[in-house]
Amino acid sequence: MQATARAHTNIALIKYWGKRNESLILPTNNSLSLTLDGFYTETTVTFREDLTSDFFLLDGEPVMGEQYDRVQAFLDLIRREYNIGQIYTEIKSKNTMPTAAGFASSASGFAALAGAATKALNLDIDKTELSRLTRQGSGSACRSIFGGFVEWEKGEAEDGSDSQAVQIAPSNYWDVRVAAVVVDAKMKKVSSREGMKRTVDTSVFYSGWLDSLPQDLADIKAAIRGQDFEKLGSISEANCLKMHATTLGATPPFTYWQDSTMAVMQAVQTMRDSGIPAYFTIDAGPNVKVLYLPEDEEAVMNTLKNLPVVTDVTLSRSGEGISYV
Ligand code: ADP
Ligand code: DP6
């Protein structure tokens, strides 16, 4: 009873930022992402009769505390949902990006874990059901089951039975590229989970964020349909700025940005002023992702790599959904 799955991270162009049900991980709004081929998690799950609890190794180190508890709770959910009984697992996982630094390690991490665990159990479930299951490990992870452009439909049902990701366009539909720009790879102080909860509970700007989403979603889908890069980029950048604005209206207020984050944002806007269509988006962390087209790769790379605040830049193309090794 062993299987290995590989899942790529995804970057949200329209952000998931808030839950309507915290235990089932049901979002307040639909979100839309691009799966990235540059970063992935590979996870092997082995169900072993001789174990008395789950054992989790991440990048070669045994994991304890909150990270362990999240993984164990997810395995408990799988055991319950599929009537597996008390058989525990050995989990060996490897992230190709920094963990918990705004590079969506939770997305690829829980997608790979869900894929490997269900494969090891030989469960006959399709990608839609796998996406619904994965969602309950980490919301954004449900989008990493699919490649290319992916929408997470928030659903209406109280039990979450219609809250899952769907593919909008496959990875070979449009060659949009993403540069992941590292300014600080340390673990962030406020996790996405905690940050979005504080914002939903207290931010005076949260209702404005929610009101603006239907238009952003309609516009970005039109941009994808028409392969209109400037439209795609400008909607993504504006949506990111609105999400981050909500954190400033929370109690206590907080921000994921650092000086270096702003320096990269300004460099992207300067590139645009000089005629290179590049746009930024930022998840819950200080690091920045820059969207650009293949013909501008050299110019974008040169600009980003030469910024004094930047410690690393990794290029990604549109990536595939979950696969089994
Ligand atoms: P990030 O920006 O990296 O997604 P989050 O705070 O949203 O940051 O999520 C990071 C958390 O995701 C980690 O603290 C851990 O609980 C979980 N995680 C990351 N990688 C893995 C993995 N490979 N397997 C299982 N869980 C993981
Ligand atoms: C800013 O999916 O990490 O990256 O569901 O609590 O695990 P949980 O949160 P998570 O949040 C991601 C937030 C985001 C936006 C996004 O990916 O859509």
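Rule-based calculations on the coordinates, nothing more; no lab input. If you're wondering where the values come from, they're calculated on a predicted model, not measured in any experiment. Heads up, the Cβs are rebuilt from the backbone with ideal geometry, glycines too, and the neighbour counts pull from every protein chain shown.
Remarks
- Top of D219, D37, D273 by mean-square fluctuation, Gaussian network on the chain, Cα under 10 Å: D273
- Restricting the stretch 229-280 to trypsin sites (Lys or Arg not before Pro) in coil, as DSSP defines it, with at most 10 other Cβ within 10 Å: none
- For Y82 and M262, a Förster radius of 51 Å and the Cβ-Cβ distance give a FRET efficiency of 0.65, rounded to the nearest 0.05.
- Rounded to the nearest 10 degrees, the angle from helix 229-248 to the longest Cα principal axis of the chain is 70 degrees.
- Karplus-derived 3J(HN,Hα) values for the stretch 172-177, using 6.51 cos²θ - 1.76 cosθ + 1.60 with θ = phi - 60°, are 8, 6, 7, 8, 8, 10 Hz; glycine and proline are entered as x.
- Computed [θ] at 222 nm, helices only, for the chain once each DSSP H run of length n ≥ 4 contributes -39500 (n - 2.57): -11500 deg cm²/dmol
- Length available on full extension from K231 to V204: 0.36 nm per residue minus the Cα-Cα distance, which gives 6.9 nm.
- Choice from Q164, Q72, Q215 with maximal GNM fluctuation in the chain (Cα, 10 Å cutoff): Q215
- Space enclosed by the convex hull of the alpha-carbon atoms of the stretch 161-202, per residue, Å³: 169
- Couplings 3J(HN,Hα) of the stretch 76-90, computed from phi: 4, 4, 4, 4, 5, 4, 10, 6, 8, x, 8, 10, 9, 10, 10 Hz, in residue order, whole Hz [Karplus 6.51 cos²θ - 1.76 cosθ + 1.60, θ = phi - 60°; x for Gly and Pro].
- Equivalent ellipsoid, the chain (semi-axes from 5 times Cα gyration tensor eigenvalues, Å): 32, 21, 20
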